[in-house]
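Values quoted throughout were computed directly from the atomic coordinates according to the rules given, and no laboratory measurement underlies them. Quantities reported herein were computed from a predicted structural model and do not represent experimental measurements. Counting neighbours? That spans all protein chains shown, and the Cβs are built from the backbone with ideal geometry, glycine included.
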Ligand SMILES: Cc1cc2nc3c(=O)[nH]c(=O)nc-3n(C[C@H](O)[C@H](O)[C@H](O)COP(=O)(O)O)c2cc1C
């Protein structure tokens, strides 16, 4: 089949699906939560995590002020909460109240940690740079909140226990299949 090659990039979305998370922040007595799909690990030592956030987001204002943010990973049953916090503005409403979002206590920062998260990172901001229309925020992970049962003994996500939320773009959500293959890089790297 022929491929189309185009320089008319548009709102490129071929890199989806991506895990959708909820980024949290607080400052000056206000707490907020937003959906984010543009995020990644950057370094093991020190443990660094990056997220691309538009400066238009209320969440960005709170992070710029407090120099802290939280990254919350939720089970697929909470996909609607992603759409709720991704479809509302902290400038206009208190999302924690409006969507009845329960919290756990943070230990190293003051960022809101979501009770429903099977994992959450507390991050201290170490860099904030503009790239195009988004800011690239790099945080050092200073505490990890983990639901033990969500992980296998090898510390990978146990898909029998928890299904991550994947975002496909265009308001479409899905989760992973349980079709897992073990492909040892040491073995495969030799062929
Ligand atoms: C699934 C999903 C993923 C999103 N990913 C991002 C993202 O990575 N970066 C971003 O700046 N906005 C992202 N958004 C948009 C924000 O979540 C949205 O604009 C939200 O209303 C911002 O809230 P705030 O103004 O209260 O911070 C995403 C929205 C959805 C629904």
FRET efficiency for residue 176 and residue 149, using Cβ-Cβ distance with R0 set to 22 Å, rounded to 0.05: 0.80
Two-site label geometry, residue 183 and residue 99: point separation in nm, points 7 Å out along Cα→Cβ: 3.4
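Mind ranking 71-77, 105-111, 149-155 by how tightly packed they are, going by the mean number of other C-beta atoms within 10 angstrom, highest first? Walk me through the numbers before you get to the answer.
Details: 71-77: 20.4, 105-111: 16.6, 149-155: 10.6.
Result, highest mean Cβ count within 10 Å first: 71-77, 105-111, 149-155.
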Mean separation of Cα contacts under 8 Å, 6 or more apart, over the residue count of the stretch 18-188: relative contact order %: 24
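Using per-residue counts of other Cβ atoms within 10 Å, averaged over each peptide, order 117-127, 132-142 from highest down.
Values: 117-127: 21.1, 132-142: 17.3.
Ranked from most to least packed, the peptides come out as 117-127, 132-142.
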Residue among 36, 102, 79 with the largest mean-square fluctuation in a Gaussian network model of the chain, springs linking Cα atoms under 10 Å: 102
Three principal axis lengths of the stretch 18-188 [C-alpha, angstrom, descending]: 51, 33, 33
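Rounded to the nearest 500, what is the 222 nm mean residue ellipticity of the chain from helices alone, with -39500 (n - 2.57) per DSSP H run of 4+ residues and division by all residues?
Working: 4 runs with 25 residues, N = 191.
Mean residue ellipticity, 222 nm, calculated: -3000 deg cm²/dmol.
List the relative contact order of the stretch 92-191 as a percent without decimals, with contacts defined as Cα pairs under 8 Å and 6+ residues apart.
Details: 110 pairs, mean separation 14.5, N = 100.
Contact order relative to length: 15 percent.
Determine, from the Cβ-Cβ distance of residue 40 and residue 2 and an R0 of 35 Å, the FRET efficiency 1/(1 + (r/R0)^6), rounded to the nearest 0.05. Don't skip to the answer; put the middle values down first.
Numbers: r = 32 Å, r/R0 = 0.92.
About 0.65, to the nearest 0.05.
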Whole-angstrom gap from the stretch 95-146 to the stretch 38-89, using each part's C-alpha centre: 6
